Amino acid sequence: MTLLKRPVLIIIGLVVVGGGGFGYYWTQMRPASQVEVRVGRTKPNPCTDLYTPLFIAVINHSRRTVTKVSYRLIAKRPGDSTNLVDGDDIRQFDGVTAPGGGLGYCQTVPNLTERFLSWQTLEWSAEIVSISFE
């Protein structure tokens with residue numbers, strides 16, 4: 001009798017753990033993968049202030065409302081893979097972004113590793129560090 005109970009309990013345990021993993025993926029990981037941070041891809045640039053010329057857009061393709069996004073800026077020369085942003089500065093966007101919506105704002109250009117490098121000649125992107133949902 002105990003030989004039948006043990007495999008049944010193992011199978012039930014695997015179903016519970018697998019269901020929990022799928023639930024976590026569906027509620028946390030999947031929506032997070034549907035949020036995008038775009039950097040400076042609009043022409044003309046809507047950021048005209050000399051001190052905050054870098055345009056950042058948070059676009060929410062998920063079904064959940066985004067309340068906060070933490071990200072790291074990346075700047076590269078065209079065709080190069082080296083990040084030229086000095087340091088490991090994590091920036092934060094605290095705007096509420098509804099499902100299917102997006103928000104943009106202007107921000108300062110981070111310090112670069114090379115002194116006389118123009119930020120306009122670089123390819124900009126962002127690496128999302130964390131996302132909070134409502």
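Computed from the C-beta positions of residue 108 and residue 82, the FRET efficiency with R₀ = 22 Å rounds to 0.55.
Ratio to report: Rg/Rh of region 50-108, with Cα atoms as the point set and Rh obtained by the Kirkwood method; give two decimals. Present the calculation step by step, with values, prior to reporting the outcome.
Details: Rg = 13.5 Å, Rh = 13.1 Å.
When Rh is taken as the Kirkwood radius, the ratio is 1.03.
Report the net charge of residues surrounding residue 114, where surrounding means a beta-carbon distance below 10 angstrom and charges are Lys +1, Arg +1, Asp -1, Glu -1. Its environment carries a net charge of +1.
None of the figures in this text is laboratory data; all of them are computed from the coordinates on show. Not measured: the values here are computed from a predicted model. In this analysis, Cβ positions are derived from the backbone assuming ideal geometry, glycine residues included, and neighbour counts consider all displayed protein chains.
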